[in-house]
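Peer 1: The structure's right below; bear with me while I get my questions together.
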Amino acid sequence: MTTSMLSGPMRFAYADPPYLGCGKLYLPHHPQALDWDDPDRHQDLIWQLGREYPDGWALSASSTSLPTILPMCPAGVRIAAWVKPFAAFKRNVRVAYTWEPVIFSGGRMSSATGAIPTRDHISQVITLKRGLAGAKPERFVRWVLDLLGYIDGDTVDDLFPGTEVLGKVTAQKVLTWPG
């Protein structure tokens, strides 16, 4: 346990890389997107997260990649679920993809530090027409920050900024749920 887990600012990371096997969906926005179809690239990212962000990190993945990616993770990680209440059924796909795992490690373990208690799942609709496949909604980002125990004064590095929604959410200073 780092000293900063008990007091002082913490440094976190959030990674939302092109999902394993889905590189072609990201080619217009990420020139090296096909590199992410290689499981070794995800292994390198997980090692980087552990090495550079000992305070805590979160990683978005697809449900189909979980059996490959989870064994790459260090002991003690947890899996949270983003459940999508609306899903478009795709032609010839019998079971719709209506959830995504978020693997997270570390963070503030106690709400006594000012971190907001949260659930290990969220039900939130997807974003549409953001110009990037897999763009995350603002409420999802707030939930990921809550998983890590993010509080005012902490920093969080967005390793795949895409639509830059994480920066927009953290710039709000006080992270409260809309509503």
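The values are calculated or read from the model by the stated rules, or taken from the named source; none is laboratory data. In this text the structure is predicted, and so the values were computed from the model without any measurement. When we count neighbours, we look across all protein chains shown, and the Cβ atoms used for this are built from the backbone with ideal geometry, even at glycine.
Peer 1: From the list SER105, SER111, which residue is modelled with pLDDT of 85 or more and of a type in the set (Ser, Thr, Tyr)?
Peer 2: Only one candidate passes the filter, namely SER105.
Peer 1: Hey, among the residues in the range 147-163 that are charged (D, E, K, R) and either at pLDDT 95 or above or over 11 Å from the mean Cα position of the chain (by Cα) (or both), which one's nearest to TYR53 (Cα to Cα)?
Peer 2: The selected residue is ASP157.
Peer 1: Here is a further query. Could you list all residues from the range 72-87 that are exposed (fewer than 14 other Cβ atoms within 10 Å of the Cβ) and not in a strand (DSSP E or B)?
Peer 2: Within the range 72-87, PRO74, ALA75, GLY76, PRO85, PHE86, ALA87 qualify.
Peer 1: Hey, can you tell me all the residues within the range 37-70 that are more than 17 Å from VAL102 (Cβ to Cβ) and not in a loop (DSSP other than H, G, I, E, B)?
Peer 2: Scanning the range 37-70 gives ASP37, PRO39, ASP40, ARG41, GLN43, ASP44, TRP47, GLN48, ARG51, GLU52.
Peer 1: Return yes when PRO17 is within 17 Å of the chain's Cα centre (by Cα) and either in a loop (DSSP other than H, G, I, E, B) or farther than 30 Å from ALA115 by Cβ (or both) and no when it is not.
Peer 2: yes
Peer 1: Within the range 42-54, work out how many residues are more than 11 Å from MET72 (Cα to Cα) and without any contact (Cβ under 8 Å) to a residue 12 or more places away in the chain.
Peer 2: Going through the range 42-54 one residue at a time, the tally reaches 2.
Peer 1: Look at the range 151-172 and say how many of its residues are of a type in the set (D, E, K, R), in a loop (DSSP other than H, G, I, E, B) and closer than 14 Å to TRP57 by Cα.
Peer 2: Matching residues across the range 151-172 total 1.
Peer 1: Let me ask another. Take the range 103-114 and flag every residue that is without any contact (Cβ under 8 Å) to a residue 60 or more places away in the chain and not in a loop (DSSP other than H, G, I, E, B).
Peer 2: Of everything in the range 103-114, those that are without any contact (Cβ under 8 Å) to a residue 60 or more places away in the chain and not in a loop (DSSP other than H, G, I, E, B) turn out to be ILE103, PHE104, SER105, SER111, ALA112.
Peer 1: Only one residue in ILE69, ILE103, ILE126 is more than 28 Å from ASP40 (Cα to Cα), of a type in the set (A, V, I, L, M, F, W, C) and buried (at least 16 other Cβ atoms within 10 Å of the Cβ). Which one?
Peer 2: Among ILE69, ILE103, ILE126, only ILE126 is more than 28 Å from ASP40 (Cα to Cα), of a type in the set (A, V, I, L, M, F, W, C) and buried (at least 16 other Cβ atoms within 10 Å of the Cβ).
Peer 1: Among the residues of the range 17-66, count how many are basic (Lys, Arg) and either surrounded by 18 or more Cβ atoms within 10 Å (Cβ to Cβ) or closer than 16 Å to VAL156 by Cα (or both).
Peer 2: Counting residues in the range 17-66 that are basic (Lys, Arg) and either surrounded by 18 or more Cβ atoms within 10 Å (Cβ to Cβ) or closer than 16 Å to VAL156 by Cα (or both) gives 1.
Peer 1: What tally of residues in the range 76-102 results from selecting those that are touching a residue at least 40 places away in the same chain (Cβ under 8 Å) and among the small types (Gly, Ala, Ser)?
Peer 2: Looking only at that region, the number is 2.
Peer 1: What tally of residues in the range 62-103 results from selecting those that are within 17 Å of the chain's Cα centre (by Cα), within 14 Å of HIS121 (Cβ to Cβ) and of a type outside the set (Phe, Trp, Tyr)?
Peer 2: Looking only at that region, the number is 12.
Peer 1: For the range 115-136, give me each residue that is at pLDDT below 85 and not charged (D, E, K, R).
Peer 2: VAL125, ILE126, THR127, LEU128, GLY131, LEU132, ALA133, GLY134, ALA135 - these are the residues of the range 115-136 that are at pLDDT below 85 and not charged (D, E, K, R).
Peer 1: Which residues, counting only those in the range 90-100, are in a loop (DSSP other than H, G, I, E, B) and surrounded by 11 or more Cβ atoms within 10 Å (Cβ to Cβ)?
Peer 2: Once the filter is applied, which keeps residues that are in a loop (DSSP other than H, G, I, E, B) and surrounded by 11 or more Cβ atoms within 10 Å (Cβ to Cβ), the range 90-100 yields ALA96, TYR97, THR98.
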